[in-house]
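First comes the structure, then the notes that go with it.
The values are calculated or read from the model by the stated rules, or taken from the named source; none is laboratory data. All figures in this text were calculated on a predicted structure; none of them were measured in a lab. Every residue, glycine among them, receives a Cβ derived from its backbone with ideal geometry; neighbour counts consider all protein chains shown. These area figures cover heavy atoms from the full protein model, side chains too; ligands, DNA and RNA do not enter into them. Shrake-Rupley method; radii C 1.70, N 1.55, O 1.52, S 1.80 Å.
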Amino acid sequence: MTEKPDPFTVPFGSILCDWMTTASAEEGPFVYRGSPEPFGDLSISPAAHVLHYGSAIFEGLKAHRQVDGSVAIFRLDSHVARMVTSASRLRLPEIDPSLLHQMIVDAVAANADEVPDPPGSLYIRPTLIGTGADIGAAAHPASSALLFVVNSPVGDYFKGGIRPLTLQLETSTPRTVPQFGMVKCGANYAMALGPTLDAMAGNEAIDQVLFATEGDITETGASNFFLADDERIVTRHLDESFLHGVTRDSVIQLARHLGYEVEERSIDPEELVDWSERGEAFLSGTAAGVAPVGTVIYSGKTITIGTGQPGPNTLRLRQALTDAQTGAAPDTFVWRTPVGSQ
Ligand code: COI
């Protein structure tokens, strides 16, 4: 293993592990050579479909160092299933779930020495791009595609560790377009970038923009959104307008297990204002984990959520998620896939 910096001292995702896995599809199913290869640059045509027509999807999941020192991937099958759906939505070649499962396990096994101890983890980024040299293929799927899995040892997604985040509520610019809402494609992140940078330029304290198109709070650029109090958690019901977070689902299942009521429904900004007087809010995501929200800027007003500090219910759910990921709690929901090292 080459010497790498401590992931907590550099931006999230900026360290890449030594090994990756790749498979390509040329007018047929993906072919995987069956073993990892050294991490390195890709060679694709300047006419590649992805560079012109945005045929790019990805996943984000994590492997965690367990309390017994072994390594396990969290919710592998759910992420594989979501990527299969994303590929089909962008008309990219069909992914065989068992092939992607194997490519992820093989990459993590090869990089197992690079999995940091908690609270760090190994971020796993499976990616699929259209590689066919098809400049005219705007109305055609890519004729060939490349699927690859790279890994990154990571610390906190939000600089500064566990701290109350500041969100700006955006009610006019949509998060994305209806046909891409639940697809984990690069284009969705590109769409959130402009509004996020504009918000940050106006107020450097802002961490994320919370999209509430026409008063309907859905998600931020990189996470789902929850309200919480001592009895319940509330989050937007699923539809095709936003990403169906696997961490969102984990939080819901853990919360029910802990005795909270779960409400999946619309949340409007005025409810958030009311809630701020007595409750908590947090973000959920693979990268973000469970991240407390302390302040929301809405229509130029600064709204403090609860005390403005991470609330007890947020911290309880965060701990429950961490325990499920790291093997500190029993694997009640069968979420952990153990990985041997190579
Ligand atoms: C994830 O949580 O995996 C994401 O996709 C967020 C990403 C912007 C780092």
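Out of all the residues in the range 261-320, which are assigned to a loop (DSSP other than H, G, I, E, B), in contact with a helix residue (DSSP H, G or I) (Cβ under 7 Å, 6 or more places away or on another chain) and within 16 Å of the ligand (Cβ to nearest atom)?
Going through the range 261-320, the residues assigned to a loop (DSSP other than H, G, I, E, B) turn out to be 265-268, 276-279, 286-288, 299-300, 305-311.
This time we only want the ones that are in contact with a helix residue (DSSP H, G or I) (Cβ under 7 Å, 6 or more places away or on another chain), so: 268, 286.
The one that is assigned to a loop (DSSP other than H, G, I, E, B), in contact with a helix residue (DSSP H, G or I) (Cβ under 7 Å, 6 or more places away or on another chain) and within 16 Å of the ligand (Cβ to nearest atom): 286.
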Examine the range 264-273 for a residue that is farther than 18 Å from residue 224 by Cα, open to solvent by 50 Å² or more (accessible area, probe 1.4 Å) and small (Gly, Ala, Ser), and state whether such a residue exists.
-> no
Considering the range 224-233, residues that are out of contact with any helix residue (DSSP H, G or I) (no Cβ under 8 Å at 6 or more places or on another chain) and either within 16 Å of the ligand (Cβ to nearest atom) or not in a loop (DSSP other than H, G, I, E, B) (or both), and then whichever is nearest to residue 287 (Cα to Cα), we arrive at 225
Going through the range 130-139 one residue at a time, which ones are open to solvent by less than 20 Å² (accessible area, probe 1.4 Å) and outside any loop (DSSP other than H, G, I, E, B)?
-> 130, 137
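If I ask for residues that are part of a helix (DSSP H, G or I) and free of Cβ contacts under 8 Å to residues at least 40 places away in the same chain, which ones from the range 140-179 would you list?
Our first condition is that a residue be part of a helix (DSSP H, G or I); within the range 140-179, this holds for 178-179.
Correct list: empty.
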Within the range 322-336, can one find any residue that is open to solvent by less than 20 Å² (accessible area, probe 1.4 Å), of a type outside the set (A, V, I, L, M) and either in a strand (DSSP E or B) or farther than 14 Å from residue 251 by Cβ (or both)?
-> yes
Any idea which residue in the range 52-64 is farthest from the ligand (Cβ to nearest atom), counting only those that are outside any loop (DSSP other than H, G, I, E, B) and over 19 Å from residue 150 (Cβ atoms)?
-> 52
Test residue 80 against the criterion of being touching a helix residue (DSSP H, G or I) at 6+ places or on another chain (Cβ under 9 Å), away from the ligand (no atom under 16 Å from the Cβ) and not in a strand (DSSP E or B), and give yes or no.
-> no
Checking residue 41 against (1) in contact (Cβ under 8 Å) with a residue 12 or more places away in the chain; (2) closer than 25 Å to residue 153 by Cβ, which single condition isn't satisfied?
-> (1)
